[in-house]
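Below is one structure, written out as structure tokens, with a few remarks after it.
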Amino acid sequence: MWINHKTEILIAQQSKTPSTSETHLIPLINIVFLMLIFFMVAGHIAEQDTTELIPPQSTSKQGLTETALTIIITADGNLWINNQQFFGESPKRLEEQLQTHIKTSHLNSHTSNSLEVVLKVDSQLSAKVLDPVLQGLRTLNVNKFHLATIDTNT
Amino acid sequence: MLSSTFSQWHQLSFSNTTQTNNTTAVTKTPNRFLLLGLNKIKHQDRTYNLDQLEFEVLTQSLSQQQAAIIVTPNTKVTIQELVNTLDYFKAHGLNQIHLTSSYTEPQ
């Protein structure tokens with residue numbers, strides 16, 4: 001009789017223990033979900049560049065302008081227009097490709113005169129790599145450029 | 001090094017100028033500088049080191065507030081050197097900078 005009573009008490013205690021730990025976990029789960037929702041709402045998902053380059057260093061403190069057209073030239077000379085790699089050697093082909101991007105990349109609201117272009121170019125490349133790009137854009141009446149840099153202390 | 005790791009991008013702005021000798025922006029300004037590479041820069045038939053460029057040259061330029069930087073295709077001017085030149089000119093009040101790859105002096 002005494003043994004049976006003790007066993008019942010033990011079983012009752014064991015069955016209570018898991019429910020207590022579950023109770024403690026619920027606020028923790030709530031907090032984790034609240035933090036997740038906060039970061040989803042407050043966070044900024046930036047489009048990442050798909051290429052590698054070492055940007056030139058500058059004393060400029062002017063923040064980078066958000067533009068509709070970004071051209072990247074990597075250390076190995078590969079050229080990307082709005083994160084699409086450009087294949088081809090001829091300046092004419094480049095000009096056509098740039099024209100296509102200007103027409104299709106939500107740039108209809110811009111006239112080419114008002115269009116500004118961001119150039120992200122590897123710092124150790126020769127400045128002449130800019131020639132075909134600048135020529136191509138010039139024929140499309142795009143004349144305003146921003147050369148992306150990083151702070152000299154970076 | 002991934003470019004995406006640089007969260008703090010800055011920019012240097014310039015105009016892209018046509019190459020002909022009829023170009024108004026380049027021909028109008030007396031402040032035409034020819035980049036020769038290795039931080040050498042030519043201005044009005046004299047060659048300077050970029051960091052030794054005489055201030056008198058730049059004070060003439062201040063009234064115009066614009067400069068034309070000419071990078072000839074046969075020189076080994078790097079992008080970093082071009083940026084150093086743009087930085088130097090902007091630090092001296094030249095805010096309208098025109099970049100061109102070749103230029104013919106008007107006759």
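Here are the numbers:
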quantity	calculated
Cross-link pairs beyond the 22 Å C-alpha cut-off, checked among A:K92/B:K42; A:K92/A:K128; A:K92/B:K90; A:K61/B:K40; A:K120/B:K90; A:K144/B:K76	A:K92/B:K42; A:K92/B:K90; A:K61/B:K40; A:K144/B:K76
Listed peptides A:56-66, A:125-135 by packing density, highest first (mean Cβ within 10 Å)	A:125-135, A:56-66
At R0 = 41 Å, FRET efficiency that the Cβ-Cβ distance of A:R138 and A:V41 yields, to 0.05	0.40
As computed over the range A:57-151, the Cα convex hull volume per residue (Å³)	98
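No lab work stands behind these numbers, since they all come straight from the coordinates. Everything quoted here is computed from the prediction, not taken from an experiment. Neighbour counts are summed over all protein chains in view; Cβ atoms, including those assigned to glycine, are modelled from backbone coordinates with ideal geometry.
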